[in-house]
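Remarks on the structure that follows.
The values are calculated or read from the model by the stated rules, or taken from the named source; none is laboratory data. For clarity, every value in this text was computed on a predicted model and none was experimentally measured. Methodologically, a virtual Cβ is constructed for each residue, glycine included, from the backbone with ideal geometry; neighbour enumeration extends over all protein chains shown. Side chains included, ligands, DNA and RNA excluded: accessible areas come from the protein's heavy atoms. Shrake-Rupley method; radii C 1.70, N 1.55, O 1.52, S 1.80 Å.
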Amino acid sequence: MKEVTVQELKEMIDRNEDFQLIDVREPFEYEVSNLNGLNIPLAGIVIESDKVSKDKPVIIQCRSGKRSAQAVMLLEQQGFDNLANLTGGILAWKEEIDPEMDVY
């Protein structure tokens, strides 16, 4: 499974790279803090896989990296080959990029 660090993600954002960010946390978690990704909770990721881009890199994130890793595996079983898991999730983003971010 391909992994992307929060530093790499920040650089991609800063360079305005063309990629899709998907947040697989629950809506109430997304409301607390998010990185402006598309919110598709893990339970619905296969059902809503038509919302996941096939023609550009897709980074999947959650709180710690566990649910997003699961989502990557589920989507790879659907034939996706352009996915990366955000290592450490939003907790790593708070720790390394934005200490002011609210997390639970």
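Starting with the highest mean, order 55-63, 90-98, 27-35 by the number of other Cβ atoms within 10 Å, averaged over the residues of each peptide.
Going by the mean number of other Cβ atoms within 10 Å, highest first, we get 55-63, 90-98, 27-35.
Pulled fully out, how much extra length does the chain show between M101 and Q78, if you take 0.36 nm times their separation in residues and subtract their Cα-Cα distance?
4.9 nm
For segment 9-64, what is the accessible area per residue in Å² when the probe is 1.4 Å?
54 Å²
At a probe size of 1.4 Å, how large is the accessible area of T5, to the nearest 10 Å²?
We get 60 Å² for T5.
Just the projected area, averaged over all directions, of the convex hull on the alpha carbon atoms of segment 19-71: how many nm²? Provide the component values of the computation, followed by the final result.
Values: hull surface 13.6 nm².
It is 3.4 nm².
Which part of segment 74-104 falls in the paramagnetic zone of F28, meaning amide N under 15 Å from the point 7 Å along Cα-to-beta-carbon?
104
Can you list the lysines whose alpha carbon sits under 21 Å from that of K94, skipping same-chain ones fewer than 8 residues off?
K10, K66
When averaged across all projection directions, what area in nm² does the alpha-carbon convex hull of the chain cover?
5.9 nm²
With only alpha-carbon pairs counted, each pair once and no self-pairs, how large is the Kirkwood hydrodynamic radius of segment 42-82 in angstroms?
Result for segment 42-82, one decimal place: 10.4 Å.
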